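Shown next, in structure tokens, is the structure this report addresses.
The values are calculated or read from the model by the stated rules, or taken from the named source; none is laboratory data. Quantities reported herein were computed from a predicted structural model and do not represent experimental measurements. Counting neighbours? That spans all protein chains shown, and the Cβs are built from the backbone with ideal geometry, glycine included.
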Amino acid sequence: MDRSETLVLAARERLTGEIIHLLQSGTDPNSQDSKGRTALEVAVLLKDKEIAEILLEKGADPDLPGSRQITALSITAEHNDLSMAYLLIESGADAAIRNPTGSTALHEAAYAGNLEMAELLISNGADPSTRTPEGDTATDWARRTGHISVAIYLERSIKKV
């Protein structure tokens, strides 16, 4: 097993000491396993803030898309993990960046109905008027999934921009 696989596996198994050892011995914190997962992606999915902090301190790119072709911030938006979102933003995550699929973290927050997350993302530079390649705004995603209060907030935010 190569170091990339080992780093991601260590994150999945929450082996903090092994992660630190691998990073200190030169393993790239942005390396991906054979499925395209990064250790940061795994830490975010597990809501393991300690491992995420270690990876970010050692240079993990919070804007690097993982196996699902969305950023770590988009994952936190989808799961409404505000604590992790704050950490990622403080570590340089771009709240306005598009995922390779064309959506943004704000689209993910809207789809999941996460109003507080939408507020956090907009206050950190997310643009509520950004459209996917299909032409959808985050407001459209919120409406489509029945999250009317999020849709209203996003509509009002577009008017302020």
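Taking the listed residues Gly92, Gly17, Gly36, Gly26, the one that is of a type in the set (Gly, Ala, Ser), under 29 Å from Ala126 (Cα atoms) and outside the structural domain of Leu115 (by TED's automatic domain parsing) is Gly36, with no other qualifying. Output the residues belonging to the range 135-159 that are of a type outside the set (A, V, I, L, M), in contact with a helix residue (DSSP H, G or I) (Cβ under 9 Å, 6 or more places away or on another chain) and surrounded by fewer than 16 Cβ atoms within 10 Å (Cβ to Cβ). Selection gives Arg144, Thr145, Ser149, Glu155. If I ask for residues that are acidic (Asp, Glu) and either touching a residue at least 60 places away in the same chain (Cβ under 8 Å) or more than 10 Å from Leu73 (Cβ to Cβ) (or both), which ones from the range 83-141 would you list? Passing the criteria: Glu90, Glu116, Glu119, Asp127, Glu134, Asp136, Asp140. For the range 67-77, the criterion of being farther than 24 Å from Ala10 by Cβ and either touching a helix residue (DSSP H, G or I) at 6+ places or on another chain (Cβ under 7 Å) or of a type in the set (D, E, K, R) (or both) is met by at least one residue. Looking across the range 85-119, the residues that are buried (at least 22 other Cβ atoms within 10 Å of the Cβ) and in a helix (DSSP H, G or I) come down to Ala85, Leu88, Ala105, Leu106, His107, Glu108, Ala109, Ala110, Met117, Ala118.
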